[in-house]
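The values are calculated or read from the model by the stated rules, or taken from the named source; none is laboratory data. Not measured: the values here are computed from a predicted model. Because the Cβ atoms are built from the backbone with ideal geometry, glycine has one as well, and the counts that use them run over all protein chains shown. Just the protein is used for accessible areas: all its heavy atoms, side chains included, with ligands, DNA and RNA removed. Shrake-Rupley method; radii C 1.70, N 1.55, O 1.52, S 1.80 Å.
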Amino acid sequence: MADSTSATDGGEAGSDEPEVPEIDLPSDAFDAVLDALDELDPGEPLRFEGFSVARGTEGTDEELPGGSPDEYVLADGSRPTGMSERDLHEALAERAPAVTDWYVFERVVGEFGPRRAFLRWIEDADGETVAARYAALAAGIERAWGELKITATLTDRGERRYDVRHADDAGVPVDDLDAYDDPLDARDLVTFDEKGRYRPLKTAPSLVGGWVFPDLGPRELYEAVETIYPATVANWHREREGELDVNHWRETMERQSGIYGVVKTWDRGEGYEHVNWVAEACCDDSQCLKRREWEYDDETDLDVDGGDGAFPCREPCSVVVSAARKWTRLESEQPRTYEFELTPSEKEQVEAVIDAVADGRIDEIREADTKEGANRYRTRFLRAKLFDDEGNLGGVPTDPDEE
């Protein structure tokens, strides 16, 4: 199945048929079939994978006693068979995988939309047969969504159950993690990063681990995912349907007002290189898990790659707009020429420090690793050597008038 993994490929070696688990037909599923048939006209089929069922005797060569509307017709490619409700129950019990699959998506999940599309995508319901999916679900189907690992499994009644956790916790026993059952508990899990800092961007790759939702139903799974990554499923679904409404940089900035209205002045008719810098700074895969779909405007693409995320970014987010407000003011300054004396190694060290900060690697650099330009002791040495008592690099003030 596309973008998914399973602990089994289905079936035994040399067999083309997947090994479908034994499924019991729940009374709720059978009652749902009867209710659905009652909503149809006699002879109008209710379709399942591989067969259909209709009310009444229309379409058969046999005349059942009385032609009662409580009698049913099952068609599976061979001669249609008339049967009583008891017979229908037996026939559907023999076809429990197809019936429970219909029941899950038509009655448990419900209406067409983002939730249904997402749950069907998890098990590739639009590309694989019921038999193949049930065999894979019996072993567990794994999907990645941002930093989440979602594992879909199957009960002996055809019900879907989902395990949701941080991808870094794959394989960790549930008892070794903090377990939750209310999807809304995810709100507390996404608020801070591992250092306790507030996460303003919920799709930043800084989600903490150590937790698990081990036994969610279909609706609860959708709610948990949308709580962790708000609107990602909805926008993913809009994109799949060809209905994603993208707001590009220029139109987004033009509608800013109040303290953010200043960003309008950054577009001075001098090209869009500044927006390339913004996208490279904020929208790289290392900074955001969304895939940027917005460009400079409807006719002008940016030169920076939009990323490889599973879900799209339809417009510059509040983090980008807030940063752009600051950069608009900073970039309005006139450049000046400053003269410093650096050794070649010092120049490279300054570059290494900037790279390490920009890539978030400062905490990875060991104190004893003085070969690293951004090593704390090397950086402190450089400051001691090059900064004066007022904190000016090379003793050169930022404003010449301060000399």
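Look through region 305-349, keep the residues that are of a type in the set (A, V, I, L, M, F, W, C) and not in a helix (DSSP H, G or I), and return whichever of them is farthest from Glu254 (Cα to Cα). Here the residue is Leu342. Restricted to helices (runs of 4 or more DSSP H) entirely inside region 228-304, those with at least 1 residues that are among the small types (Gly, Ala, Ser) and surrounded by fewer than 18 Cβ atoms within 10 Å (Cβ to Cβ) are 232-240, 273-282.
Residue count for region 98-114 satisfying the condition of being surrounded by 16 or more Cβ atoms within 10 Å (Cβ to Cβ) and closer than 17 Å to Glu226 by Cβ: 2.
Here Val212 does not qualify as buried (at least 18 other Cβ atoms within 10 Å of the Cβ) and under 13 Å from the mean Cα position of the chain (by Cα). Residue pairs whose Cβ atoms lie under 6 Å apart, separated by 6 or more positions or on different chains, with the first residue in region 122-149 and open to solvent by 30 Å² or more (accessible area, probe 1.4 Å) and the second of a type in the set (Ser, Thr, Tyr), are Ala139/Ser6; Ala139/Thr8; Glu142/Thr5; Glu142/Thr151; Gly146/Tyr229. What are the residues in region 188-233 that are over 11 Å from Val164 (Cβ atoms), β-branched (Val, Ile, Thr) and in contact (Cβ under 8 Å) with a residue 24 or more places away in the chain, if any? Residues satisfying the conditions are Val190, Thr203, Val208, Thr232, Val233. Pairs meeting the criteria (first residue in region 77-95 and closer than 16 Å to Gly56 by Cβ, second residue open to solvent by less than 70 Å² (accessible area, probe 1.4 Å) and hydroxyl-bearing (Ser, Thr, Tyr), beta carbons under 6 Å, at least 6 apart or on different chains) are Pro80/Thr60; Gly82/Thr57; Gly82/Thr60; Met83/Tyr72; Leu88/Tyr72.
So that you can scan it fast, the table gives a plain yes or no per residue for (1) open to solvent by 50 Å² or more (accessible area, probe 1.4 Å); (2) touching an Asp or Glu at 6+ places or on another chain (Cβ under 6 Å):
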{"residue": "Gly307", "(1), (2)": "no, yes"}
{"residue": "Val320", "(1), (2)": "no, no"}
{"residue": "Phe340", "(1), (2)": "yes, no"}
{"residue": "Glu348", "(1), (2)": "yes, no"}
{"residue": "Glu364", "(1), (2)": "yes, no"}
{"residue": "Asp369", "(1), (2)": "no, no"}
{"residue": "Glu372", "(1), (2)": "yes, no"}
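A Cβ distance below 7 Å, combined with a sequence gap of six or more or placement on separate chains, defines the contacts here; from region 162-187, residues that are assigned by the TED database to the domain that holds Asp215 reach residues that are in a helix (DSSP H, G or I) and open to solvent by 70 Å² or more (accessible area, probe 1.4 Å) in the pairs Pro183/Glu220; Pro183/Glu223. Within region 122-142, not a single residue is of a type in the set (Lys, Arg) and within 19 Å of the chain's Cα centre (by Cα).
For Thr328, the requirement of being of a type in the set (S, T, N, Q), without any contact (Cβ under 8 Å) to a residue 60 or more places away in the chain and open to solvent by less than 100 Å² (accessible area, probe 1.4 Å) is not met.
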